[in-house]
Every structure is written in structure tokens, then in C-alpha cells.
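Below: the structure, in C-alpha cells.
The values are calculated or read from the model by the stated rules, or taken from the named source; none is laboratory data. As the structure is a computational prediction, the values presented were derived from the model and not from experiment. Glycine gets a Cβ as well: all are built from the backbone with ideal geometry, and neighbour counts include every protein chain shown. In case anyone asks, the SASA skips ligands and DNA or RNA and just uses the protein heavy atoms, side chains included. Shrake-Rupley method; radii C 1.70, N 1.55, O 1.52, S 1.80 Å.
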Amino acid sequence: MILKNKKNKKENTKKSKAEKTKKTEDVKGGEKTKKTWSALRGMHDILPKEEKYWKSMYNTASKLAEYMQFSRIETPILEEASLFVRSIGKGTDVVEKEMYLFEDNDGSKVCLRPEATASVVRAYVTDGLWNNPQPVKMWYWGPMFRHDRPQAGRYRQFTQVGFENIGVLDPAADAELILIAFNFYKDLNLPVEIHINSIGTPEERERYKNELLNYYRTKKSYLCEECRKRMVKNPLRLLDCKEEQCQGVKEEAPQIIDWLSEASKSYFMKVLEYLDELGVPYILRPSLVRGLDYYTHTVFEVYPVSGEGAAQSALGGGGRYDLLVEEMGGKSTPAAGMALGVDRSVIYMKDYYQQNQLRVEKDPYDIFFAQLGDRAKGRAMKILEELRKSNIKIAFNLYKNSLKTQLDIANDLKVPYALILGQKEVQEGTIIIRDMESGIQEIVDQKKIENALKKKLKKFDELAK
Ligand code: HAM
């Protein structure tokens, strides 16, 4: 999909003028109508009520990254289009159909990144990361763009969290990445399955492709339209076909594992041994080839356990890409990585938590701060500011004036104590601490609030031990 920038600009200007006019002047049946805007097809808003899921995913990933010694990298969202054509491969769906391509003002072809592995490798080569002690382990979290046909769990803008390990050829590195993917879901209490395969070296794959084609040629009359095209364009993708009519042919197809050299097989066996030792369950899937061209040897995908509907698609995937750094202009450097789709994982988490009555635990509030009257409101804001760094988690609602309403909120939040500040307390420089369970109230000096609260709150007791 190529968008011509200048032409587009003109159209956009025209459109926005038209829209402006529409917004102010549309009159239907004597009534003015206002134009409203929805997000573009395939793009979606992440609303405040979803924040808890996104936050727990981000925190889980960031803790795992720190423990496994991956450093954060951020690369631009816009890149030269050829970066992705070269790395992901011309015949792939991502490059052929899904890139958000357009011409920049200087006529160069740029593209919203459909994934970040190519960008991280670009950074490794051009920012001199190959000079650092190897391997370089990096992780990222950010939006990706694919002009795909939107459906449940498939968007045109989506977020990935990814891990790349560049500079080492060791089955332990492959196992480590699979372990991170597995632990990410385990720490979120989500059961997943790892599907794994090895696609060997390009030479081994080429020999296998010929064998696969020989086999498929004899079955051509049973194949779907798309598979017939795949035979010409990208034979390995024949193994990805989901059409009912092709399943029988696919099941009988030769398996790549039989075409791997002893060295490739033993590398793969070592990865599996590490996974056994780590207790990471996996399913060997000989038809797994992945949709991007840069992979060599180990490839894997993560699936929800017995998922249905949107949850049937992969939550994440990755593998080894030992030839990509050199392909991108660097020295020959082995590498491996994986990325997990956050939007899809959030859908799975919501469904699974609902079905299993699990809750995303939020840090509870320690205190509710209630205030009464104009002068109290100003002082309350001041005290809240003073307590900001105290580590006491305080809930408040400065826009409610009734004490009853505020104490009702405090009850709903199940806080053990409330602070109450009225006109009298403002005048006297004091504040009331109310025990929400017993209703017993104590008056303390405003200057001593922090200490008084810390003495009462259990969490500070535990910290002092
Ligand atoms: P991928 O399999 O293309 O791999 O994407 C990884 C994950 O991103 C998918 O499993 C899925 O959860 C999510 N994803 C992909 N497309 C969409 C979409 N249209 N809507 C929602 N989620 C989507 C890669 O991107 C590789 N860069 C992974 C990798 C890293 N390999 C080595 N290092």
C-alpha cells in the first residue's frame, strides 16, 4: 500500500476544510449536527479501565528483562522501507501486503515499522554496538504497524514487547529466550504452550523445499487457490495453510527435521535438553516455519492453552537469525530473539481471568483524605503535596464536598484510616485520623501527620522489621 504524500496532503487539507465546515454548519431538520471521529480501522484506543492489564504486562516484562540482563533499546517508528524489504523478505505477507509505505518529502520511501528486529539489527550495525562486549542483549516495547485485515486480536497498530540477543551462537541463548516468553505468561498466571521446530541453514532448507515441492506437485489438484500460489512464491508457507481441504496433504508432507545436517540436529537437541532441564513444556511442530524470511535453526511460537477464537492465534514468536546482521551490512554475527504481542496477550488475560475468577491485584490505598469547606480544600492540597514522597498511598477526591460521600468512597476503597480536615482543624493546625473499622477518631498536629500515619500503618511496621 503506497500513500503518495503530496497528493495525500492536498486531499487531507481539502478534507479537513470540508470537515470543519461540516462540524459547524451541518443542519439536519433544523438542528446542527456535530461530526465525530472514530479511530481508524484496525487501530484502537487503550482505555483507562484496561490500564491495569497493560501495566502488569509492562512490569512483568521489565522485571524479567532486568533479571535476565537485557537492556532497553528504543528505535524510531519510521524507518527506510528497504530495511524491512531486505530483512523480512520480498515474498512474505508482511512485505507484500502489510507495510505502511509512503513517500517522504524528499521522495525517499519510508515505512512505519511492521516489527522491530530489523531496526534493532540496524542499530547494532550502525550505532557500533558490535564494539561492545558480546552478546548484546536488548529488549523493547512499542507500537508496530501492519496493514492487515483487522479481526479479533489482529490490528493495524499493535504493541510488541521483544527481546533480542545478538552476538552469540549457543543453544543456551535460544533456551533463555523461550524461557523468558514462558515466564512472562507464567508470572501473569496465564498457561501457554510453546511450539518449536528447527528450520536449519538456508542450504538445508533449499534441499527440503525441493523435496516439499516434488511432493506438493503430485497433490496439486487437492490444494486451495492460495497454496497453488505459495508453490510458486514461497513453498515453505504451504505448511502454514489453515484451509480444511489442504490439511490431509499437509499432514503427509515430508518434514524438515529429516533434511537437517547432524550439526543442525544436535544444536536443536541441545536447545530441547535445556528446556527439559528448565521444566519448560514444548510441543514439537514440524510444520512451524514462521512468516519472516530471516530465521535459521530454532523457531518457536507461543500459544494460549486450548485457546478459542482470537486466542487461537500465536501470542508471540521468534527464533534464531544468524545471517541477518551480515545481510544488514555488519560482520557475520549470530543472533536470536522473540517478540510477544501485547494486545493479544491482554485479550487472553482478560478472558482467562474472567473465566477463572482471577483479579489483577492493584496496590491498595493506605488512607483516604477527606476535606470539608473551601479553606480546607486549599490546605488539603498543600498537605497532599507534602505527603507526596512519603510512600503512603493516599486516595482523595477534592471535588466532593460532603463528608458522607467522601467517607463512603473511603469505605469502598477499604482503607484502614481516613484523614479528615474541616474549617476548625485548618484554624487549629490539626487534622483528624479516623479508624475506619472502629470509628475512633484521634486529633493530631498537622506537622506530625506523616509520623502518626506511619506508626499506624502495618506496611511501615513490616518495613521496619
Ligand atoms: P511476529 O510473529 O510477526 O514476529 O509477531 C510477534 C507477535 O506480534 C505475534 O505472535 C502476535 O502476537 C503479534 N502480532 C503480529 N501481528 C499482529 C497484528 N496485526 N495484530 C496484533 N498482534 C500482532 C515478529 O514480529 C518478529 N520480529 C519476532 C522476533 C524477534 N523474531 C526474532 N526476534
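For the range 367-460, with all protein chains present and a 1.4 Å probe, just round the carbon and sulfur fraction of the accessible area to a whole percent.
Reported share for carbon and sulfur atoms: 50 percent.
Which pairs in the list K63/K389; K393/K458; K186/K350; K97/K350 are over 21 Å apart, alpha-carbon to alpha-carbon?
Violating the 21 Å limit, Cα to Cα: K63/K389; K97/K350.
Order 274-286, 249-261 from most to least packed using the mean count of other Cβ atoms within 10 Å.
Final packing ranking: 249-261, 274-286.
What figure in square angstrom, to the nearest 10, would you give for the accessible area of F145 with a 1.4 Å probe?
Here the residue's solvent-accessible area equals roughly 20 Å².
Please go through the residue pairs K137/K242; K35/K400; K414/K454; K34/K377 and name each one whose alpha carbons sit more than 28 Å apart in this structure. Could the numbers behind the result be given before it?
On the way: K137/K242 35 Å; K35/K400 33 Å; K414/K454 18 Å; K34/K377 38 Å.
Going by Cα-Cα distance, K137/K242; K35/K400; K34/K377 fall outside the 28 Å limit.
Give the Rg/Rh ratio for the chain, taking Rg as the radius of gyration of the Cα atoms and Rh as the Kirkwood radius, to two decimals. Each step should come with its number before you reach the end.
Working: Rg = 28.7 Å, Rh = 26.5 Å.
Here the Rg-to-Rh quotient is 1.08.
Whole number please: convex hull volume per residue of the Cα set in the range 367-460, in Å³?
89 Å³
Relative to the longest principal axis of the C-alpha atoms of the chain, give the angle of the C-alpha long axis of helix 202-217, reported between 0 and 90° and rounded to the nearest 10°.
70 degrees
Hey, which aspartates and glutamates would be in cross-link range of K219, C-alpha to C-alpha under 14 Å, not counting anything within fewer than 8 residues on its own chain?
Straight-distance partners of K219: E211, E251, E252.
In square angstrom, rounded to the nearest 10, how much accessible surface does V444 have for a 1.4 Å probe?
Taking all protein chains as shown, V444 has close to 20 Å².
Report the full-extension gain for the segment R149 to Y282: residue separation times 0.36 nm, less the Cα-Cα distance, to one decimal in nm.
Full extension of this stretch gives 44.9 nm more.
Tell me the per residue accessible area of the chain using a 1.4 Å probe; a whole number in Å² is fine.
Working: 26110 Å² over 465 residues.
That works out to 56 Å² per residue.
Using only Cα atoms and rounding to the nearest 10 degrees, what angle (0 to 90) does helix 262-278 make with the longest principal axis of the chain?
Once rounded, one gets 20 degrees.
Can you give me the angle between helix 374-386 and the longest principal axis of the chain, using Cα atoms only, in degrees from 0 to 90, rounded to the nearest 10?
Approximately 50 degrees, to the nearest 10.
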